[in-house]
Amino acid sequence: MEKLRRIVKEIAYTDNVNVNVSKLSPFHRSLIPFLSFASSLYKLTRSLRHSLYQYRFFHIHRLPIPVISVGNLTWGGNGKTPMVEFIALFFARSGISPLLLSRGYGGGDEVNMLRRHLLGTPTKFGVGANRAAVANHFIQKYGYIDTGNSSWYEKQYLDGKVQSLDSEKIGVVVLDDAMQHWSLWRDLDIVMVNGLTLWGNLQLMPLGPLREPLTALKRADVVVIHHADLVSEHVLKDIYSMVQGIKDSVPIFLTKMDPTYLFEVGIVNAKIPLTALHEATILCVSAIGSAEPFVKQIQKMGALYVDQLDFNDHHIFHSRDIDMIRARLRELEGKFCSKPIVVITEKDYDRDPEILKQLYPFRVFVLCSTLKVLPYRGNTEDSFKKFLKVHLKLELPAAN
């Protein structure tokens, strides 16, 4: 199954299946008719389901507080979870308690990472497929605040400082990976785009990586191009043109992942500087939606040599995987006459913090990064935060 998923992904990210089919292997080409048929069925069911919500045959639940959806048009690697964290921190530091809602699939790695990063903030976490029900449960349990009410604003910001009043009450809901979750009304739709991989062959799943046609960008209130630091100015201009060709008025922001430090598996609280990777032989091991940005980040840190071993998104490591990783490490050790270092992502660590300890005596480092909004064409981090406040009609101080 792992191998089949990898092959399907390779087909999905061929520039254009119809034009470049000759570049694929005979086995890859033999799968295309089956994938094309499955893609047609997916398109039909998705279109029918969306229409049932659009014409109110299926109920769309409304919450008494603002709801932000962070989603995408393709599978994995678009920066949704880092953006959810960015937004949650913004609201938490503004005195508003956010509720993060996630489906919690893939071993709960993303939720576990968010819990660890947002520890000490008033953020609450709801996990479950029926996010409307989960949200209502939390609202009943903790209550909610009207963040657009000026009287609340005056109480929360006495003397220009955020107070701790009503810290338990929920003020905003943030949906992780929810562009296609139509059962819950949202006040703001943020669509994340992976600047490196974009939309692959422009086909719907499973023939391509698209969950919806590109015309779905018309529903976006804002588009964020992620990993923008890893693509050229020419590519950025092309992406801008594509997005604005679909929805001319939509604001576009750029983001990147900014590496900050490392920690060693088993020693979470000890921060290791990124310079520890200088002149080292590195094996990047990951089971994430898009490994390319992760590997490119490591390559920019001055390593002697960078190798990679990729697994499918949310893959849970087993003993056989550890054996495979160890075999690759021994190959690298023999080739470079030094003990290589394994580097993984936080998402891979939080999926199973224990199993990678089995690679001892090889050291396993976890790369920690934070999402940054890049200044581009007049749009900055401050203007992004202002956009959130204005669009959601929130009463927040100008400094946030």
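The values are calculated or read from the model by the stated rules, or taken from the named source; none is laboratory data. Model, not experiment: these values are computed from the prediction. Here the Cβ positions follow ideal geometry from the backbone for every residue, glycine too, while neighbour counts run over all protein chains shown. The area values use the complete protein model at the heavy-atom level, side chains included, leaving out ligands, DNA and RNA. Shrake-Rupley method; radii C 1.70, N 1.55, O 1.52, S 1.80 Å.
All told, Glu264 meets the bar of being surrounded by fewer than 19 Cβ atoms within 10 Å (Cβ to Cβ) and at pLDDT 95 or above.
Restricting attention to region 134-150, the residues that are modelled with pLDDT of 90 or more and open to solvent by 40 Å² or more (accessible area, probe 1.4 Å) total 6. Selection of helices (runs of 4 or more DSSP H) fully inside region 285-400 by the criterion of at least 1 residues being more than 30 Å from Ser94 (Cβ to Cβ) and open to solvent by 40 Å² or more (accessible area, probe 1.4 Å) returns 291-299, 319-336. Selection of region 265-282 for residues being under 23 Å from the mean Cα position of the chain (by Cα) and assigned to a strand (DSSP E or B) yields only Val268.
For region 213-221, the criterion of a residue being assigned to a helix (DSSP H, G or I), in contact (Cβ under 8 Å) with a residue 60 or more places away in the chain and surrounded by fewer than 17 Cβ atoms within 10 Å (Cβ to Cβ) is satisfied by at least one position.
Asp238 satisfies every condition listed in (1) among the acidic types (Asp, Glu); (2) within 24 Å of His117 (Cβ to Cβ); (3) free of Cβ contacts under 8 Å to residues at least 40 places away in the same chain except (2). Condition first: in contact with a Gly (Cβ under 7 Å, 6 or more places away or on another chain) and farther than 30 Å from Glu233 by Cα. Can you find one or more residues in region 354-368 that meet it? For region 354-368, residues in contact with a Gly (Cβ under 7 Å, 6 or more places away or on another chain) and farther than 30 Å from Glu233 by Cα: present.
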